[in-house]
1. Going through the stretch 684-693 one residue at a time, which ones are in contact with a strand residue (DSSP E or B) (Cβ under 6 Å, 6 or more places away or on another chain) and part of a strand (DSSP E or B)?
2. Out of the residues in the stretch 839-860 meeting the condition of being touching a Gly at 6+ places or on another chain (Cβ under 9 Å) and of a type in the set (V, I, T), tell me which one is farthest from L786 (Cα to Cα).
3. Go through the stretch 542-581 residue by residue and tally those that are in contact with a His (Cβ under 8 Å, 6 or more places away or on another chain) and either surrounded by fewer than 19 Cβ atoms within 10 Å (Cβ to Cβ) or not assigned by TED's automatic domain parsing to the domain that holds R706 (or both).
4. Counting only residues that are within 39 Å of the chain's Cα centre (by Cα), at pLDDT 75 or above and not assigned by TED's automatic domain parsing to the domain that holds G581, give me the helices (runs of 4 or more DSSP H) lying completely in the stretch 1-79 with at least 3 of them.
5. Take the residues in the stretch 430-457 that are over 11 Å from T500 (Cα atoms) and aliphatic (A, V, I, L, M); name whichever of them is modelled with the highest pLDDT.
6. So which residues in the stretch 655-669 are aromatic (F, W, Y) and over 19 Å from the mean Cα position of the chain (by Cα)?
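The values are calculated or read from the model by the stated rules, or taken from the named source; none is laboratory data. The structure presented is a predicted model; accordingly, all values stated were derived computationally and were not measured. Don't worry about glycine lacking a Cβ; one is built from the backbone with ideal geometry, like all the others, and counts go over all protein chains shown.
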Amino acid sequence: MLDLVLRVGLRHLGRRPLRTLLTILAVALGIGLSVSIAIINRSVLSSFRESVAALAGTSALTVTAGDVGFAEEKLDDIERVPGVKSAIPRVEAWGYLAGDESGTETLYILGIDMLREQAVRSYQTGSGEVMDDPLVFLNEPDSVILTRTFAAAHGLHIGSALPLATATGQVTLTVRGLLDAEGPAKAYGGAVALMDIDGARVMLGKDGKIDAVDIVPRAGVDVGVLAGALRAALGPSFVVEPPQGYARQLEQLVQPFQASLTFFGTIALVVGLFLVANSTSMSVAERQKEIGVLRALGATRTQVFSLLLAECALIGTVGALAGAYLGRLLASRMVGDVAESMTHQLSMKITMGELGFDRGVVLRAVALGTGTAIIAGLLPIVRATRIPATTAMRAQVNAGDRSSDGGKASHIAAVLGAGCLSCVLLTIAVPGLGESAPFASLAQAAGVLGVALVSPSLVQLAIRAMRRLLLGGTDVVPRLATENVIRYRRRTQTNVIGLTLGLLFVMLIAGISHSMKDTVMQWFTINMRHDLLVSSKGKVMQNAAQPIREELGAELADVPGIRQGARAVEGIRFLHVTYEGHTIALKAYDEPDPARHYWLFDARDRTRDEMGRALYHSQDPTVLVSTNFVLHFGKKTRDSITLDTPSGPTSFRVVGVVTDFASPEGVVYLARERYRQIWNDPLVSGFGLYVAPGADPVAVRTELDRRFGRSRNLMFILNDEFRAEFTSAIDRSFAFADALEWAALFVALAGIFNTLTIGILERTRELGMMRGLGMQRSQLARMILLEALLLGAATALLAVVLGGALGYWLIARSLPTTLGWVLHYTLPWRNMALIFGTGVAVAGIAGAYPAWRASRIEIVEALGYE
């Protein structure tokens, strides 16, 4: 068998180097995209786990109570719980380097109690010491310890000044020590800064608070029992869990985004699968006589089957190996865009770990590529082995081109496609079924596969309809081209599926990105009507900016040009909280001017005035909830929800539903005065300012920047500038999809090129007869090119129409469940025209070489070809 593979299989692959290379490239691209997405997803998760593990040290449990922390007096309650050996408090926050206008330079600030810290975490330098003088570190509140990695990257050393943005403005810290990247210093790639806990509290605006307490149990104490005792002592507002629990929360938060990446990567892999099936089918059709000879010489059906399957496996293995390394390259190119996209869509800092690429990645890629190639080749190989030897040895037998077989295959594909699309219809017909995440994911895959399988039959119908338009003139070339496309059904079927999947992929991405952009911009227009937005320097849209103290609002209101009145300066607080085990966003707004009818609410089920009065003037605690909160938790207006707060579990009455995109899990709105009382948090994430009538917003911004820009490390953004940046951020959040689109189109291009080139070989004698009957070389070339263009135009039109319908279903029914966003579907008209043009262009490019090759056929040689 091995000798048969080496002598026959490899020789055949070597005789068709272009087709072999294209098929390998298709597998490599599909595997490459899949591997790159897997590498990036694993990088995100490993970053979470490694950072949490590094910070946990030897602790067995961690006590937390949300983003704003809890009163430090609770530390005494924790220490009194039986079984607690050590309770080590810390405060933590992301710091932002002052003077960095991009806001990309961040630093994880860890405020620690040096007298307790050694019980849970150890720090070291090359000499074994943390710092030159521990007493100086404790006595000087501006002291900070950095990692050697971070210090080297920024040209810092012991004694250097480090300017940071804080809740009270810009402060300058002094580097008192440098750490090796070991233990906690390994977290977040070494971007860690240590401060004394009291100095960190003042700088971060967390006076009298603790963010977390790490617990070391006494010897022999059961961790589960101790966790229960801590929960009983502290109450339900506190989360007591192993350090790994926080990593799991973060993993749960990014899971919808990762699922979308995997979904698109799978489509690209399926495109490659159909190309392998196409190539194998054409190869089998081309080698029927060879197969018949092998059978006549004594080769069994099993041996022929194994030979052809081994060729598929070889192509899959080589393509997978190339795809694994291509995936690593793609991951390195895409990781920045994906990190920024996740940060923007989740409104929290997302860091990427090391892009792992080891033997396991390569082996999984090989297994996936080889398995995909084998599955793709099974059907044409089984069909080939069933042909009797005597039949296969006859010249010019080409089962792949028989209209009856092609029609049967098209019918089978259409039936299977209709079955797949029934899953989509079920989510529409059965309320609530599409809200099941497993079934929603299954329906998404079934919808894409169903469209691909029904596309050949629909394209045939479209071309038959187009035939009447093309047969009206005297030119015989369009007639022949149309008849050829209709007659060679099986060959055109694989072409259509490959191109449909490629264009459908691009159409779905365009539909989703366009709908998100349009929906979010509509919401932005309603939600952002301030003349100026104020925040500390950073990326305020991604919640990547240091919170500031609310007292600053009074100083801003005194600047000339700011509208006079109690509501000229409005504060907003943004943070994440936990609800029923899920991380959601919380927004607390100062009351806007009622005369403006509470414009900031994109109301869904009540008027803005009704919502505003109920939120700001009810005696009992009230909230508004977002549309995706309703989707995930089933809560709506007049229901109640209970949030765990630093003041204990608090019940809030839902008084309205709004649109918001701050979190895929859901958003709740509170009146900031109510929030301040319950959470005991005087910080704000930013201010919205109104300019006085007749004042120049640019001039006001200049004055604000002169007074507060450098001294308080603040930035002031005009409404139009913020809108432009917001639009750009949305575009950047889909930047990673560009690589996926181009790869899918290339795979489709390779598929059509492969099939058309092989089609010339199969039709050599037929084309020679046409030349013998008087057809000119230019006519022959035009016929082949027109066949490709007909296929491209019909398939592109189909992909645009069905892609639009499938995109509407994804946006309206499926993606809200898997991704968490409730969007309004908007047809991407401009993209639809571009996609149609791209489909025709791809087909034209793919048909150019086969058309030229057909025109070079010599009559005598062609008539003797078998």
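1. Within the stretch 684-693, the subset in contact with a strand residue (DSSP E or B) (Cβ under 6 Å, 6 or more places away or on another chain) is 684-689.
Answer for the stretch 684-693, where residues must be in contact with a strand residue (DSSP E or B) (Cβ under 6 Å, 6 or more places away or on another chain) and part of a strand (DSSP E or B): V684, G686, F687, G688, L689.
2. V860
3. Filtering the stretch 542-581 for residues in contact with a His (Cβ under 8 Å, 6 or more places away or on another chain) gives 542, 570.
Add one more test, that the residue is either surrounded by fewer than 19 Cβ atoms within 10 Å (Cβ to Cβ) or not assigned by TED's automatic domain parsing to the domain that holds R706 (or both), and what stays is 542.
So the count comes out to 1.
4. Helices (runs of 4 or more DSSP H) meeting the threshold: 17-56.
5. Result: A446.
6. Listed by number, the list holds a single entry, Y669.
Here is a yes/no grid of residues against (1) modelled with pLDDT of 75 or more; (2) assigned by TED's automatic domain parsing to the domain that holds L575; (3) touching a strand residue (DSSP E or B) at 6+ places or on another chain (Cβ under 6 Å):
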| site | (1), (2), (3) |
| --- | --- |
| G95 | yes, no, yes |
| Q124 | no, no, no |
| I145 | yes, no, yes |
| S160 | yes, no, yes |
| A167 | no, no, yes |
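To keep it simple, each residue is scored yes or no on (1) modelled with pLDDT of 85 or more; (2) within 22 Å of S46 (Cβ to Cβ); (3) in a helix (DSSP H, G or I); (4) touching a strand residue (DSSP E or B) at 6+ places or on another chain (Cβ under 6 Å).
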| position | (1), (2), (3), (4) |
| --- | --- |
| F305 | no, no, yes, no |
| A310 | no, no, yes, no |
| G316 | no, no, yes, no |
| A324 | yes, yes, yes, no |
| L330 | no, yes, yes, no |
| E340 | no, yes, yes, no |
| T343 | no, yes, yes, no |
| K349 | no, yes, no, yes |
| L363 | yes, yes, yes, no |
